[in-house]
Amino acid sequence: MPGVKVEAVNIQTGVAQMTQSDSAGFYNFPALAIGHYNISFRKGGFQGYQEKDLMIDVDTALRVDPVLQVGATKQEVTVTGAAVHVDTQTTQMGEVIGGTEMASLPLNGRSYTDLLALQPGVVPFDVAMFGHLTPSNFLNAGVLSMSGQRDVQNGYMVNGANTVEGNAGGALIIPNLDSIAEFRIITSNAGAEYGNYSGGQINVATKSGTNEFHGSAFEFLRNSDLDARNFYSPSRGVFHQNMFGGTFGGPLRPNKAFFFGDYQVTRQVIGVDTGNILVPSSAERQGNFSDRANLLKGTVVGPYWANTLSTRLGYAVTVGEPYYAPGCTSSANCVFPNAIIPTSAWSSVSPNVIPLIPVPNSGPYFTTSANSESLRDNKWAIRIDGNTRLGMISGYYHHDPWVNTNPYNPSYGGSTVPGFPNQTLGKAQLLTLGITTPISTTFVSQFTASYTRNKN
């Protein structure tokens, strides 16, 4: 039926959009924001028709076919609590994870990427042959195999912005879990607007403010009261993790402009077990290696080094002379008789470094869990939405700075003993601006610009 006036009203914000059916009786709302809607149909000489509480999810399309009966203008048919609508407009396969599921399931770290494996076709297996960067230094980057594709071939979006980490794939931006309205995982048959990635497409939509003020607060605590000590460690390492924060949103101008902000703090202290680290014994700290004489292998190479040793030791050292040989007790047969290296042969740095190396406390080894790794993460974001003459304008800014301090750093050539900590600084930022402008009943202009920055 042509000329039917159709109105879709967002229940939470009161923002209304209107269109009209064409000559063939078709109508379309090309770009509705996610949320709950009431949709009504009216035409002169016919009873009105309305369906209430329709849910629009991320990357979904609903079809409502009303039947208008001839009748008085004031008569209206209202349908409330209709059956679950099935998306029959697209062929893409996937699942929507809403706020209820995210809040109900226990997540260590409060990262939405931990829920990706709930979708059929997603294998929680990380190859990452070149490694990948970890969001906030401890969260799941979402480097998973989807639909049989490589784990680095997945696309991640937040409020329409590409947030794929450019080094080795994975998600760069992990919003506060309480700020996410929902996210959708598309595992196959993605729409034409997606490209570049042959694996899954993950689209995250954050919450927007409404016509009412709403807020929430939370804290999650973990500690080591029920933990056991490492088998080789003489004591139990500490473990304290506090994650706390909140959200707050509401109207800047009812039915016109809205805001929503969130803040999350993570404080984590984890005792690090060194394991058994072989360190110099008391005798070796004085230069006596008789208990491990087999370490003094090799021979003197080059005349310069031979002359240097001769000067420091006070006796002749020749090129090709062994540093030590079994049973050697004279400098005539080896450089270091009795496997003893005199302090005169030490470099000028050695006497200052040796006191920094701990003494053995477990046989020939040193082990401890007294030194802790710490993480300080302060994550926040703000979103502003406005219904203007140009259309819906939306801005979003996410800021996530963190500092990780590790008492050891053997992975990057650092020390395995206390006293030489390593500190890593990181920061992830995302700024998006979107403008959705209806041009006609069948054409809409949607513009999205984003800026992403990562320091890790």
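Every number here is computed from the coordinates shown, using simple stated rules; none is lab data. Predicted model only: the values in this text are computed from it and were never measured. Cβ placement follows ideal geometry from the backbone for every residue including glycine, while neighbour counts extend to all protein chains displayed.
Here are some notes:
- In order along segment 289-295, the phi-based Karplus estimate (6.51 cos²θ - 1.76 cosθ + 1.60, θ = phi - 60°) of 3J(HN,Hα) comes to 10, 5, 6, 9, 5, 5, 6 Hz; Gly and Pro are listed as x.
- Rounded tilt (10° steps) of 303-313 against the dominant C-alpha axis of the chain: 70 degrees
- Segment 5-79 - Debye-derived log10 I(q)/I(0), Cα point model, q = 0.15, 0.18, 0.24 Å⁻¹: -0.51, -0.72, -1.19
- The relative contact order of segment 280-356, computed from alpha carbon pairs under 8 Å that lie at least 6 residues apart in sequence, is 31 percent.
- The chain - charge dipole about Cα centre, Lys and Arg +1 at Cβ, Asp and Glu -1, debye rounded to 20: 860 debye
- Among the chymotrypsin sites (Phe, Trp or Tyr not before Pro) found in segment 209-253, those both in a DSSP coil and sparsely packed, with 13 or fewer other Cβ atoms within 10 Å of their Cβ, are PHE213, PHE231, TYR232.
- Simple Cβ-charge dipole of segment 304-421, Lys/Arg +1 and Asp/Glu -1, about Cα centre, in debye nearest 20: 260 debye
- Descending Cα extents along the principal axes, segment 181-250, whole Å: 59, 41, 15
- Compactness of segment 341-380 was expressed as the Cα radius of gyration divided by 2.2 N^0.38 Å, which yields 2.00.
- For LYS427, the lysines whose Cα falls under 21 Å of its own Cα, not counting residues fewer than eight places away in the same chain, are LYS379, LYS455.
- Cut-off 10 Å between beta-carbons: net charge of the residues surrounding ASN108, Lys and Arg +1, Asp and Glu -1: +1
- Among the GluC sites (Glu not before Pro) within segment 126-196, those in coil by DSSP and having at most 10 neighbouring Cβ atoms inside 10 Å are GLU193.
- Lys/Arg +1, Asp/Glu -1 at C-beta; segment 353-450 dipole; positive extreme among SER394, THR416, ASN378: SER394
- For the chain, calculated [θ]222 nm from helices alone, where every DSSP H run of n ≥ 4 adds -39500 (n - 2.57): -1000 deg cm²/dmol
- Cα shape, segment 189-325, gyration tensor, a/c 1.5 rule: prolate
- Spherically averaged projected area of segment 280-356 from its Cα convex hull (nm²): 5.0 nm²
- Whole-number D in µm² s⁻¹ for segment 122-234, Kirkwood Cα-pair radius fed into Stokes-Einstein, 10 °C, 1.306 mPa s: 96 µm²/s
- Per the Debye formula on identical point scatterers at the alpha carbon atoms of the chain, with no solvent, log10 I(q)/I(0) at q = 0.06, 0.07 Å⁻¹ is -0.45, -0.55.
- Shown here for segment 256-320: chymotrypsin sites (Phe, Trp or Tyr not before Pro) in loop regions (DSSP other than H, G, I, E, B) with at most 16 other Cβ atoms within 10 Å, namely TYR315.
- Computed log₁₀ I(q)/I(0) - Debye formula, equal Cα scatterers, no solvent, segment 354-456, q 0.10, 0.12, 0.17, 0.18 Å⁻¹: -0.54, -0.63, -0.88, -0.93
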